[in-house]
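Got a structure for you, questions after.
What follows is calculated from the coordinates using simple rules that are stated; it is not laboratory data. The shown structure was predicted, so the numbers you read here are calculated from the model rather than taken from an experiment. All Cβ positions, even for glycine, are placed from backbone atoms using ideal geometry, and neighbour counts span all protein chains on display.
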Ligand code: GLU
C-alpha cells in the first residue's frame, strides 16, 4: 500500500475544542504508528466564520500537546499551500469538471426565495429538500433552457453550483469504525459545492485537497458521517479512488446527555479548550489550569479509544505503539473532569521533588518569595502525595511562608484549653534547648517533655499546630517547624499565645 497520509483539517472559527485536539491526536497516532505523514490543513473557505487568532491557537495547541505536524503552513511540504484560502484558484476547475459531465448544475435561486420555500414547507409540516423532487421547478440550469441560463451568466446574476444528487439510489459505503452503511439518495439534498462569493464549500474543497494531497485515511468527527454518502458520490463522479474513512465518536457531557460544550465547562469549572482563549468571550485552558500536556493527552487518548488492557498511563510513544482504529468505540465517550484531574495527579507523582520544586519556584517568584532549591525540594516532598497540580503546593503550604494572622475560631473554641498558654510557654523553653533543629531532634525532645509531664499528646499538639499554622491542617508538625526554623517557630508560638490568650 502507498504511504499512509492523514490530515487534521480544522476551520479557524474560534478556539479549538478538546474534541478537535482528540481528532488531531488520533490522526497523529495513526500516522506515526504506520510510518505515515501527519498534515495540518487550515480550512478557511467560509469567510463569514473566520475568527482572528484561531489559526495561531490551533498551531499552539498542537505544539503544547506534543503533536508534531509534518506538513502544514509553517512546515511546508510538497503538497502545499496548506491553507485553503491560499488554494482558492484551484477549486473552480473541479466544479467545472462536474458541471461539464452532468454531475452539477448552476442554481440562481436567491437566499430569500429559498427561505420562502422552507417556510412554506414547514407550514405543511414538511422539510424542504433541494433535490430531484424539486429541482425542475426551481431556478437553475436544469429547469431553464441553455439560452436562459447563459443569459443569466452573461448578466452576472449570482449563482451557486450544486451537486445533482441521483434519484432513489442506494449508496453503500464503509466506515472503519462503524462498518458498512447504506443510505438512499432521496434522503439527501443537492448540496452547494461552489458559492456565489467565488469560494468552494467544505464539501468540494476538502475532497479536492484530500485527493491532491494524496490522503489515504480520513479520520474526523462523527458530525461528518451524514455527509459521507455525498462525498462517496463525488469521488465516483470525479473517477477518483476514495480514501478510507473513520468517523470518531462524540465527546459527551459528564452526565452523558449530549455533546460536551463550553457551557458545561463554565458550569462545572473545567476547561473544554487546551489553552486559554484570550479574544472576545474568553475561555479557560488546560495549560493555564496547570495540567501537564502529557496528562492532558493521555486523558484524551482514552476518551474513545481503549488499549484492550488495564493499562491507563501511556506516554506518547506508548500510545503510538498501542493505537489502532479497530479499538476506537462507536458510541460517544463521556467526559469526566475528575478523571482528568486524576491523570494530572498520576503524572505529578511521577515527577521528582527537584522537578516540582523548579516548577513551584516559578509560582513563588510571581508571589515575591525567593526560596533556595534545597528547601523547596523538602517542601514539595512533604505535600506531593496530596496534590494534583503544582499550584496546590501553595494551597497546602502557604503557612510555611506566612505567620498566621488569624486563628481558626472553631479550632480555638474546641482546642484552646485553660492550660494551653502555660503549656506552650513551656514548649518554647523545650524547643529553645534543641540545638540541631531537625524534625527528628525536635520531635524526640517534645515527646520526652510531654511524657515526663504526663500531658495529653493530642491537646498539646493541637494547640501547637493552631499557633504555627492558624488551623488544624498541614503535614507532620515537626517537618513544618524544622522547615520554618527555630526562631520563626518560637515567634509564632509567642504571637499565638498573646493573640489567642487575650
Ligand atoms: N473543516 C472541517 C472541520 O473543521 C474538517 C472536517 C474533515 O476533517 O473533513 O470539522
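Which whole-number percentage describes the relative contact order of segment 440-502, with Cα contacts under 8 Å and a sequence gap of 6 or more? Show your work: numbers first, answer last.
On the way: 24 pairs, mean separation 21.4, N = 63.
In percent, rounded to a whole number, it is 34.
Just the number, please: percent antiparallel of the DSSP beta bridges in segment 219-366, rounded to the nearest 5. Walk me through the numbers on the way to the answer.
Numbers: 3 of 8 bridges.
That works out to approximately 40 percent antiparallel.
Over segment 85-176, what is the mean sequence separation of C-alpha contacts under 8 Å (at least six apart), divided by residue count, expressed as relative contact order in percent?
Working: 62 pairs, mean separation 36.2, N = 92.
The normalised contact order for segment 85-176 reaches 39 percent.
What distance in nm separates the two pseudo spin-label positions at residue 86 and residue 428, each 7 Å out from Cα along the beta-carbon direction?
7.3
Something else about it: If packing is taken as the average number of other Cβ atoms within 10 Å across a peptide's residues, how do 163-176, 332-345 rank, most packed first?
So the order, starting with the most tightly packed, is 332-345, 163-176.
Percent relative contact order of the chain, based on C-alpha pairs within less than 8 angstrom and at least six residues apart? Let's see the in-between values first.
Details: 710 pairs, mean separation 59.6, N = 502.
Worked out over the chain, it gives 12 percent.
Then there is this: Give me the extension gain from residue 401 to residue 212: residue separation times 0.36 nm, minus the current Cα-Cα distance, reported in nm with one decimal. Display every interim value, and only then the final one.
Values: separation 189, 0.36 × 189 = 68.04 nm, distance 6.13 nm.
Residue separation times 0.36 nm, minus the Cα-Cα distance, leaves 61.9 nm.
What does the highest-first list of 8-20, 240-252 look like by mean Cβ count within 10 Å? Let's see the in-between values first.
Numbers: 8-20: 22.6, 240-252: 18.8.
Put in order of decreasing packing, that is 8-20, 240-252.
Could I ask something else about it? Taking 0.36 nm per intervening residue step and subtracting the Cα-Cα distance, what contour gain separates residue 334 from residue 145 on full extension? Provide the component values of the computation, followed by the final result.
Details: separation 189, 0.36 × 189 = 68.04 nm, distance 5.42 nm.
Gain on extension, residue 334 to residue 145, equals 62.6 nm.
Highest first, please rank the peptides 222-230, 483-491 by the mean number of other Cβ atoms sitting within 10 Å of their residues. Each step should come with its number before you reach the end.
On the way: 222-230: 17.3, 483-491: 15.8.
The most tightly packed comes first, giving 222-230, 483-491.
With the Cα gyration tensor of segment 299-374 in hand, give its eigenvalues times 5 under a square root as the equivalent ellipsoid semi-axes, listed largest first in whole angstrom.
On the way: eigenvalues 247, 41, 16 Å².
In descending order the semi-axes read 35, 14, 9 Å.
If I take R0 = 35 Å and measure r between the Cβ atoms of residue 126 and residue 326 in this structure, what FRET efficiency does the formula 1/(1 + (r/R0)^6) give, to the nearest 0.05?
Working: r = 41 Å, r/R0 = 1.18.
Approximately 0.25, to the nearest 0.05.
In addition: Using only Cα atoms, locate the centre of segment 413-452 and the centre of segment 84-156, then give the distance between them in Å, rounded to an integer.
If we compute the Cα centre of each part, the gap is 89 Å.
A further question follows. What is the antiparallel percent of DSSP beta bridges lying wholly in segment 186-301, to the nearest 5? Let's see the in-between values first.
Numbers: 3 of 8 bridges.
Bridges in segment 186-301 that DSSP calls antiparallel: roughly 40 percent.
Of all beta bridges DSSP finds with both residues in the chain, what is the antiparallel percent, to the nearest 5? Spell out each step's value before the answer.
Values: 18 of 32 bridges.
Here the antiparallel bridges make up roughly 55 percent for the chain.
In Å³ and rounded to a whole number, note down the convex hull volume per residue for the Cα atoms of the chain.
Numbers: hull volume 103.0 nm³, N = 502.
Roughly 205 Å³ of hull volume per residue.
Before rounding to the nearest 500, sum -39500 (n - 2.57) across all DSSP H runs of length at least 4 in the chain and divide by the residue total; then give [θ] at 222 nm in deg cm²/dmol.
Values: 20 runs with 228 residues, N = 502.
It comes out at -14000 deg cm²/dmol, rounded to the nearest 500.
Let me ask something additional. As I understand it, the value is the acute angle between the Cα axis of helix 111-123 and the longest principal axis of the Cα atoms of the chain; what does it come to in degrees, rounded to 10?
On a 0 to 90 degree scale, this one is about 80.
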